[in-house]
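*Asks:* Quick one: the structure is below, and I'll ask about it shortly.
The values are calculated or read from the model by the stated rules, or taken from the named source; none is laboratory data. The structure displayed is predicted, hence computed values, not measured ones. Using ideal geometry, Cβ is built from the backbone for each residue, glycine included, and neighbour counts are taken over all protein chains shown.
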Amino acid sequence: MMKHLTNREEEIMEIFWEKGSMYVKDVIDLLNGPKPHYNTISTVVRGLEEKGFVGHKQFGNTYLYFAVISREEFSKNSIKNLVSKYFNTSYASVVSMFVEEQKITTEEIQELIREVESRKSTPNE
C-alpha cells in the first residue's frame with residue numbers, strides 16, 4: 001500500500017513530475033509563496049525518499065533528486081486507496097455517487113462502456 005503524502009510533499013512531488021531531476025535549492029526556487037528554509041525542504045525531500053517516492057544521485061556533497069514513482073502510478077494508487085477507504089472497494093458505488101450528484105450522465109457512462117469494450121476487442125499492438 002502506498003504511503004500518504006502531506007500537502008507539502010505532494011506539492012514537491014508535482015515539481016519533480018513536472019520538471020524532472022533537481023537539487024533541493026531548485027525545488028525551493030520553484031515553490032510558491034514565501035521561500036522556506038533549505039533545511040526544511042531538504043527534510044521533506046529526504047522523507048519522500050524514505051517513503052519510496054524519490055531517489056537521488058550523489059555528486060560530491062550534493063544530491064540530485066528525482067521521482068521514482070510516476071504521477072500516473074501515484075494517481076492510480078490514490079484512487080484505489082480512496083475507493084477502498086470510503087466506498088468499501090466498490091467502484092460501482094463511486095460511479096453511482098457521481099450519477100446521483102449529476103457529475104456524470106448515463107450517456108457518458110454508456111460511452112465509457114463502449115470505449116472499454118472497443119479496447120477489449122482490439123488486439124494489443
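*Asks:* Surrounded by 14 or more Cβ atoms within 10 Å (Cβ to Cβ), charged (D, E, K, R) and free of Cβ contacts under 8 Å to residues at least 40 places away in the same chain, is that true of GLU72?
*Replies:* Taking the combined requirement at face value, the residue does not satisfy it.
*Asks:* Of a type in the set (A, V, I, L, M), under 17 Å from LEU5 (Cβ atoms) and at pLDDT 90 or above - does that describe any residue in the stretch 49-61?
*Replies:* Yes, the conditions are met somewhere in the stretch 49-61.
*Asks:* Let me ask something additional. Residues being loosely packed, with under 11 Cβ neighbours inside 10 Å and either of a type outside the set (Lys, Arg) or in a helix (DSSP H, G or I) (or both): count how many of those fall in the stretch 100-110.
*Replies:* Qualifying residue count for the region: 6.
*Asks:* Test each condition in (1) at pLDDT 90 or above; (2) more than 15 Å from HIS4 (Cα to Cα); (3) surrounded by 13 or more Cβ atoms within 10 Å (Cβ to Cβ); (4) of a type outside the set (Val, Ile, Thr) for MET97 and report the one that comes out false.
*Replies:* Every condition holds for MET97 apart from (1).
*Asks:* Of the residues that sit in the stretch 1-25 and are part of a loop (DSSP other than H, G, I, E, B) and within 14 Å of the chain's Cα centre (by Cα), which one is nearest to LYS51 (Cα to Cα)?
*Replies:* LYS3
*Asks:* Just to be sure before I move on: is LEU64 assigned to a strand (DSSP E or B), surrounded by 14 or more Cβ atoms within 10 Å (Cβ to Cβ) and among the hydrophobic types (A, V, I, L, M, F, W, C) in the structure I sent? Break it down into steps so the answer makes sense when it comes.
*Replies:* Values: assigned to a strand (DSSP E or B): yes; surrounded by 14 or more Cβ atoms within 10 Å (Cβ to Cβ): yes; among the hydrophobic types (A, V, I, L, M, F, W, C): yes.
Considered against the rule, which asks whether it is assigned to a strand (DSSP E or B), surrounded by 14 or more Cβ atoms within 10 Å (Cβ to Cβ) and among the hydrophobic types (A, V, I, L, M, F, W, C), LEU64 comes out as yes.
*Asks:* Just to be sure before I move on: is LEU82 farther than 30 Å from THR105 by Cβ and under 15 Å from the mean Cα position of the chain (by Cα) in the structure I sent?
*Replies:* Here the answer is no, as LEU82 does not meet what is asked.
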